[in-house]
Amino acid sequence: MTIHNLSDHNSILLKFISEIRAVDKQQDKLRFRRNIERIGEVLGYELSKHLKYNNKKITTPLGVKEIPQIQKDIVVCSILRAGLPLHQGLLNYFDDAENAFISAYRKHLDNSDAFEIVVEYLASPSLENKILLLADPMLATGQSMVNVYEVLKKTGIPKKIHIVSVIGATEGIDFIKDKFPEDTHLWIATVDNTLNDKGYIVPGLGDAGDLAYGTKL
Ligand code: URA
């Protein structure tokens, strides 16, 4: 797996990351969702440099210009529900892409911190021979990403996978590394070193789904 940590270089992206982390900014749900979306746009732009293009003649009112056009066989898949703003950010740029949605939640065992990942809902086109952009904002333990991929494979084997995430824990990244094909790319806005006992990224940002959409039962 090739890892692209976009915080390795200073850019405007760091402002968006700061705002989703900061306790005095992240409570503004509209801004939080929009910042995740903006991060999705930046990650999407960067990964677009690694896709395939075919030349096409574009006719302007004054002439013709040959311009490489991005490949058409892209599927954006996000993990519900926290993945939705990230999905929208990717879709803002890959507007011709097909879309897939899959749910994954942490089912806590016996009221303890231990949990298993339950995957329930899937709506997906065929992924056979497609370019899969798999989006989940928080790559914590990595278990959801791996479980989701196992289920998605039933709809076809993608020819290439780009995992798109906002904040990753080193532990989660290490966990998923060898569970995806070797030529998979991970596009991540930033990486933190710690996971707490509840499987939350530290310092992270808290619960991305709750910050975007409110608490749930
Ligand atoms: N999901 C979140 O929303 N936050 C974390 O820190 C880990 C998983």
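List of remarks:
- Residue pairs meeting the criteria (Cβ under 6 Å; at least 6 apart or on separate chains; first at positive phi, in the range 190-211; second within 9 Å of the ligand (Cβ to nearest atom)): G199/A140; G199/T141; G204/I167; G204/D192
- Scanning the range 155-200 for residues that are under 24 Å from S124 (Cα atoms) and of a type in the set (A, V, I, L, M) gives I157, I161, I163, V164, V166, I176, L186, I188.
- Residue match in the range 152-161 (condition: of a type in the set (V, I, T), surrounded by fewer than 21 Cβ atoms within 10 Å (Cβ to Cβ) and under 26 Å from K198 (Cβ atoms)): no
- Unmet criterion (only one of (1) touching a Pro at 6+ places or on another chain (Cβ under 8 Å); (2) within 23 Å of G206 (Cβ to Cβ)) for L43: (1)
Let's see how each residue does on (1) more than 16 Å from the ligand (Cβ to nearest atom); (2) buried (at least 19 other Cβ atoms within 10 Å of the Cβ); (3) under 12 Å from the mean Cα position of the chain (by Cα):
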| position | (1), (2), (3) |
| --- | --- |
| N5 | yes, no, no |
| R21 | no, no, no |
| N35 | no, yes, no |
| Y45 | yes, no, no |
| K56 | yes, no, no |
| A97 | yes, yes, no |
| I102 | no, yes, no |
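This table checks each residue for (1) out of contact with any Leu (no Cβ under 7 Å at 6 or more places or on another chain); (2) at pLDDT 95 or above; (3) in a loop (DSSP other than H, G, I, E, B).
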site	(1), (2), (3)
S11	yes, yes, yes
S18	yes, yes, no
V23	yes, yes, yes
L30	yes, yes, no
E46	no, yes, no
N55	yes, yes, no
E66	yes, yes, no
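- Of all residues in the range 49-78, those satisfying the criterion of being over 16 Å from A189 (Cβ atoms) and touching a residue at least 40 places away in the same chain (Cβ under 8 Å) are H50, L51, Q71, D73, I74, V75, V76, C77.
The values are calculated or read from the model by the stated rules, or taken from the named source; none is laboratory data. All figures in this text were calculated on a predicted structure; none of them were measured in a lab. Counting neighbours? That spans all protein chains shown, and the Cβs are built from the backbone with ideal geometry, glycine included.
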